[in-house]
Amino acid sequence: MLIFLILGLTMSYGQNNNINSSNYYDYYLDFPAKKKKGLQGKTLTTNWLRLNEVIPIIIEELKKAGYKGIHTNELVKINNEQSIIIPVYSKKSNFGFLYIEIHAAIPNKKHRIERTQKESMGVDYIYWKELPTGESVPIKVEKLPENIFVLNENCYWYQYTENPVDQKQLVSKDDAYKILIEDIKTYLLNKTR
């Protein structure tokens, strides 16, 4: 009985069931706010979901939704002159998910609105190509096609301290995954309309 109680308490750490994609920025804490909230840990860290963590989630959600022919790191022609690597792509359904792997130093609600790099870079997407000389050059994609859904690392942040008790007040990594899944499901729902 005591084991089940301890297990239940452990599972509830890091999960604030009120956090969702419409309100999670309200839970972001900067360093001065850390003291006001009474966090017990000395160091407050903000981190973001990385591509290698996101790909399996996208694939799982696509499979749950019944999609077949799912490929990773697929070279996809996006216009007459350019092709880009799409991390998760369904050849059969001709759509995929691009994950922009860069984030601002501080999470901001505007990142939920502008998921491409249009505001910061002037184009939808920039990637770096290495030339045979070893030099890297930016490749700019003016406009991504409608069949490529952009997920941006900026949107999938979480916070923690070295004290697990604090996690009840913070956006946890599990919360970031939950928000990612919510975004994927929203896209798939809108895609089928």
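Just so you know, all these numbers are worked out from the coordinates, no wet-lab data involved. Values in this document were obtained by computation on a predicted structure and should not be read as measured data. Using ideal geometry, Cβ is built from the backbone for each residue, glycine included, and neighbour counts are taken over all protein chains shown.
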Separation in nanometres of the label points that stand 7 Å from Cα toward Cβ, at residue 120 and residue 135: 2.6
Sort out for me the Cα centre separation of region 49-69 from region 85-110, rounded to whole Å. 12
In deg cm²/dmol, rounded to the nearest 500, the helical mean residue ellipticity at 222 nm of the chain, built from -39500 (n - 2.57) for every DSSP H run of length 4 or more, is -9000 deg cm²/dmol
Calculate one ³J(HN,Hα) per residue across region 126-137 by plugging θ = phi - 60° into the Karplus curve 6.51 cos²θ - 1.76 cosθ + 1.60, and present them in order as whole Hz with x for glycine and proline. 10, 10, 9, 10, 8, 7, x, 6, x, 6, 9, 10
Just to be sure I understand the model, the point goes 7 Å from the Cα along the line to the Cβ. What's the resulting residue 55 to residue 182 distance in nm? 2.7
Among 49, 161, 172, whose Cα projects farthest towards the positive end of the dipole of the chain, with charges put on the beta-carbon of Lys, Arg (+1) and Asp, Glu (-1)? 172
